[in-house]
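Trainee: The structure is given below, and queries will be raised subsequently.
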Amino acid sequence: MVSLDRIFDLLSNERRRYALYYLDQKDGPVPVDEVAEQGTEWETEGAPSSIPGESSTVLN
């Protein structure tokens, strides 16, 4: 079983929290590049930016 310290350590990263929040708002699979773009937008407070190495991988 994973310790609470490990869980809190993983969630201490803002990008991971953004990704989890975004995935929680969606129903079904979401392309990785979509998650990355939204996270980047939130990090930069709405300023769009390109994400190098876009991927077509889908997160469930």
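Trainee: Count, please, the residues in the range 36-50 that happen to be modelled with pLDDT of 90 or more and more than 19 Å from Lys26 (Cα to Cα).
Mentor: 0
Trainee: Restricting attention to the range 1-30, which residues are surrounded by 12 or more Cβ atoms within 10 Å (Cβ to Cβ) and touching an Asp or Glu at 6+ places or on another chain (Cβ under 9 Å)?
Mentor: Across the range 1-30, the qualifying residues are Arg15, Tyr18, Tyr22, Lys26.
The values are calculated or read from the model by the stated rules, or taken from the named source; none is laboratory data. Predicted, not measured: the structure shown is a model, and the values here were computed from it. So basically every Cβ, Gly included, is an ideal-geometry build from the backbone, and we count neighbours across all protein chains shown.
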